[in-house]
1. Counting just the residues of the stretch 87-102 that are aliphatic (A, V, I, L, M) and touching a Leu at 6+ places or on another chain (Cβ under 6 Å), which one comes out surrounded by the fewest Cβ atoms within 10 Å (Cβ to Cβ)?
2. Among the candidates L83, L73, L102, L110, single out the residue that is touching a His at 6+ places or on another chain (Cβ under 6 Å) and modelled with pLDDT under 95.
3. Restricting attention to the stretch 49-86, report how many residues are outside any helix (DSSP H, G or I), touching a Leu at 6+ places or on another chain (Cβ under 6 Å) and either charged (D, E, K, R) or over 16 Å from N97 (Cβ atoms) (or both).
4. Out of (1) closer than 15 Å to G51 by Cα; (2) without any contact (Cβ under 8 Å) to a residue 60 or more places away in the chain; (3) not polar (S, T, N, Q), what's the single condition that is false for Y63?
5. Quick check, is S78 modelled with pLDDT under 85 and in contact with a strand residue (DSSP E or B) (Cβ under 7 Å, 6 or more places away or on another chain)?
6. If I ask for residues that are part of a strand (DSSP E or B), within 26 Å of the chain's Cα centre (by Cα) and not acidic (D, E), which ones from the stretch 88-107 would you list?
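The values are calculated or read from the model by the stated rules, or taken from the named source; none is laboratory data. If you're wondering where the values come from, they're calculated on a predicted model, not measured in any experiment. Cβ: placed from backbone, ideal geometry, glycine included. Neighbour counts: every protein chain shown.
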Amino acid sequence: MKAGIIMAIVILILGAGVYFGYTFLGHTVSPTMGQVNIPEESTSKITTVQGLLMKVTNPKDDYTHTIKTETTLVRAASYTVTLDEYVGKNVEVTGQNSGNTLFVDTITELK
């Protein structure tokens, strides 16, 4: 019985030693730990678009408006600007693309 208790204590101590050894010594800490490196090609660029702002009546995606330029339709949405005030007007918007939607940061009406 005495040998069984000693064996259990030894196994417990060895298990704790392996756990702490792996946790603290098994991982090397790099100076950039906790920092996120974003690849150059995935960073968002500021985009400026001019055109007629139109509201999407039944949006099925993350965009609520479209901007009709001379050549294309640009999907647009915003968390910071109220786009409804500019519906039907020629505008210039600046924002960042997320997927195929332009998230508008600033909007100005063109005369």
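1. Pass one, the stretch 87-102, residues aliphatic (A, V, I, L, M): 87, 91, 93, 102.
Next cut, touching a Leu at 6+ places or on another chain (Cβ under 6 Å) only: 87, 91.
Working: V87: 12, V91: 22.
In this case the residue turns out to be V87.
2. None of the others qualify; the one that does is L83.
3. To start, the set of residues in the stretch 49-86 that are outside any helix (DSSP H, G or I) comprises 49-82.
Pick out the ones that are also touching a Leu at 6+ places or on another chain (Cβ under 6 Å) and you get 65-68, 74, 76.
Narrowing the set further to residues that are either charged (D, E, K, R) or over 16 Å from N97 (Cβ atoms) (or both) leaves 68.
Residues flagged as outside any helix (DSSP H, G or I), touching a Leu at 6+ places or on another chain (Cβ under 6 Å) and either charged (D, E, K, R) or over 16 Å from N97 (Cβ atoms) (or both) within the stretch 49-86 amount to 1.
4. Only one criterion is unmet by Y63, namely (1).
5. Numbers: modelled with pLDDT under 85: no; in contact with a strand residue (DSSP E or B) (Cβ under 7 Å, 6 or more places away or on another chain): yes.
No.
6. Initial filter on the stretch 88-107 (part of a strand (DSSP E or B)): 90-98, 101-107.
Checking which are within 26 Å of the chain's Cα centre (by Cα) leaves us with 92-98, 101-107.
Correct list: V93, T94, G95, Q96, N97, S98, T101, L102, F103, V104, T106, I107.
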